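Read the structure below first, then the notes.
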Amino acid sequence: MEIRRAATVAELIEAQHLYDGPARAEWAERFLAAPGHLMLIAHVDGVPAGMVSGVEMLHPDKGTEMCLYELSVDERYRRRGIGRALTEALAAVARERGCYDMWVGVDTDNDPALATYRSAGALDDGEFAMLTWEFGDEVKRSE
């Protein structure tokens, strides 16, 4: 397995089977151009087998932290330590960038995700609620 940072639109699109839906080239371009956004892709025999995306978040009184935005491992490659390796690789990047911590929101009943994050050294901060404002498909289509 080799983990490397995605640097091109082609790399992001090649890994789209790991996302919730198909990638769009214009969004991939914006992702790569956005400061603090990154995606690490794990390759097995040259094939994208997993990915983790992160977003740096900066606040005037806290400094910079890394949000583990999404982690995905292709079903064919699960239970081989790829998720843990990707999480640890993102944590290493966060440390290199001077982030004071890294966090992820995860459903409390998502046992595989919880096990992966804990095995990579995450501590449990307890339950929390996530509230979302949805702006509809029209906003997504207009971007």
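Structural remarks
- Helices (runs of 4 or more DSSP H) completely within the stretch 3-114 that count 1 or more residues being surrounded by fewer than 11 Cβ atoms within 10 Å (Cβ to Cβ), touching a residue at least 24 places away in the same chain (Cβ under 8 Å) and not hydrophobic (A, V, I, L, M, F, W, C): 25-33
- Any hit, the stretch 120-133, residues being open to solvent by 60 Å² or more (accessible area, probe 1.4 Å), within 24 Å of Val44 (Cβ to Cβ) and not aromatic (Phe, Trp, Tyr): no
- Of the residues screened, Asp74 is not one that is at pLDDT below 95 and of a type in the set (Asp, Glu).
- Restricting the first member to the stretch 124-135 and to residues that are over 12 Å from Leu114 (Cα atoms) and part of a loop (DSSP other than H, G, I, E, B), and the second to residues that are of a type outside the set (A, V, I, L, M, F, W, C) and open to solvent by less than 100 Å² (accessible area, probe 1.4 Å), the beta-carbon pairs closer than 7 Å and six or more apart or on different chains are Glu127/Thr108; Met130/Gly105.
- Qualifying position, being touching a Lys or Arg at 6+ places or on another chain (Cβ under 9 Å) and not β-branched (Val, Ile, Thr), among Ala49, Ala15: Ala49
The values are calculated or read from the model by the stated rules, or taken from the named source; none is laboratory data. Since this is a predicted model, take the numbers as computed values, not measurements. Counting neighbours? That spans all protein chains shown, and the Cβs are built from the backbone with ideal geometry, glycine included. Heavy atoms of the whole protein, side chains included, go into the accessibility calculation; ligands, DNA and RNA do not. Shrake-Rupley method; radii C 1.70, N 1.55, O 1.52, S 1.80 Å.
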